[in-house]
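Everything on this sheet refers to the single structure shown next.
The values are calculated or read from the model by the stated rules, or taken from the named source; none is laboratory data. Bear in mind the structure is a predicted one, so any value in this text is a computation, not a measurement. Using ideal geometry, Cβ is built from the backbone for each residue, glycine included, and neighbour counts are taken over all protein chains shown.
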Amino acid sequence: MSYRVNDRAIVMDVRREIVRRQSIDGSTLNVHCINGVVELSGTLRVAAAAGRGVSGKDEIEQIKEIIMRLPGVRDVIDRYLRIL
């Protein structure tokens, strides 16, 4: 018997991971999940990344890597994602 994680639970886990990252503001970020495929869209504000020498793109890649490790996630797509 295989264990399948509910898409709604995945969205909640993704939001929880984004909130944990103090360098970003994901309050205007949209997170959707269908059959384990997470889609990020909207606006992501990267505050402290520049001070650490990390670009907004690098920050997104790190977030995507973290999301990919969450149970039930099959892929992460950053469609229509605006980084400020």
**OP:** Please identify the pairs in which a residue from segment 55-82 that is in contact (Cβ under 8 Å) with a residue 60 or more places away in the chain has its Cβ atom under 7 Å from the Cβ atom of a residue that is surrounded by 17 or more Cβ atoms within 10 Å (Cβ to Cβ) and outside any loop (DSSP other than H, G, I, E, B), counting only partners at least 6 apart or on another chain.
**Re:** LEU70/ILE10; LEU70/ASP13; LEU70/VAL14; GLY72/ILE10; VAL73/ILE10; VAL73/VAL38; VAL73/ILE67
Original post:
Do we have any residue at all in segment 10-22 that's on the phi < 0 side of the Ramachandran plot, loosely packed, with under 15 Cβ neighbours inside 10 Å, more than 12 Å from the chain's Cα centre (by Cα) and in a loop (DSSP other than H, G, I, E, B)?
Top reply: yes
**OP:** Could you tell me whether segment 42-62 includes any residue that is touching a strand residue (DSSP E or B) at 6+ places or on another chain (Cβ under 9 Å), buried (at least 16 other Cβ atoms within 10 Å of the Cβ) and modelled with pLDDT of 90 or more?
**Re:** no
Original post:
Out of (1) under 16 Å from ILE60 (Cβ atoms); (2) modelled with pLDDT under 95, the odd one out for TYR3 is which?
Top reply: (1)
